[in-house]
Amino acid sequence: MRVYVPLTLSALEEAHKAGELGPGPGPGLSPERDALVAYAVTPGLREWYLSDDIEELEYAALGRAAQASLRLLAADPGAARRRVVVAADVPDAAVSPAPGDGAAAGGSGDPAGLGEVRVAETVRLAKAAAVHLDAADAEADVAAAVDALDAAGRGDEDARFTVDGAEDHELLWYATQEIPNLLG
């Protein structure tokens, strides 16, 4: 299963030093600290997005991970204001849905959790499929989106517009071999 792991550049640097993402000490952990938080094509995401095209669904999962990266940036004021998502293929058995994924199907989950999964195994960074990262020219819009997250969450439409402005920037694709250059 392809999963999309939201990070920050500083968390990517930590993962690069460790050579992996996963359960235990490190970036991208679930609140329970026993699994890696990621996004994937889940039943809830399929229902919400209303498409059978796997490429469109994977792009939607990538977008959900990019939104989660904004929340990680809000929690790390020192991190560069660029969204980071690592795409990786993991065994289906290592992935379990997060509680919020049922929101589209009338469940009680948080709609922000659509597509969210937990990965219960380590992902070797060298085996990841790709790294997706904002270009440097997105930093101002991403910073504004991070600053507006709380107000947008409270229903402020202007703040929601600002947060959505970060999505106007496409995440660029990089091979994992390029990570040292991205961090340098």
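Laid out as a table, the results:
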read-out	value
Matching residues in the stretch 154-177 - criterion: being over 30 Å from Lys17 (Cα atoms) and in a loop (DSSP other than H, G, I, E, B)	Arg154, Gly155, Asp156
Positions within the stretch 25-41 being at pLDDT 90 or above and hydroxyl-bearing (Ser, Thr, Tyr), in sequence order	Tyr39
Every residue from the stretch 42-66 that is assigned to a helix (DSSP H, G or I) and modelled with pLDDT under 90	Pro43, Gly44, Leu45, Arg46, Glu47, Trp48, Tyr49
Test result for Val86, of a type in the set (A, V, I, L, M), touching a Phe, Trp or Tyr at 6+ places or on another chain (Cβ under 8 Å) and either assigned to a strand (DSSP E or B) or modelled with pLDDT of 95 or more (or both)	yes
Neighbours by Cβ (under 7 Å, 6+ apart or cross-chain): first from the stretch 150-171, loosely packed, with under 15 Cβ neighbours inside 10 Å; second assigned to a helix (DSSP H, G or I) and not basic (Lys, Arg)	Asp168/Asp141
Residue within the stretch 141-153 that is under 27 Å from Glu55 (Cβ atoms), modelled with pLDDT under 95 and in a helix (DSSP H, G or I) present	no
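The values are calculated or read from the model by the stated rules, or taken from the named source; none is laboratory data. Predicted model, so just to flag it, every value in this text is computed and none were measured. Positions of Cβ are backbone-derived with ideal geometry, glycine not excepted, and every protein chain shown enters the neighbour counts.
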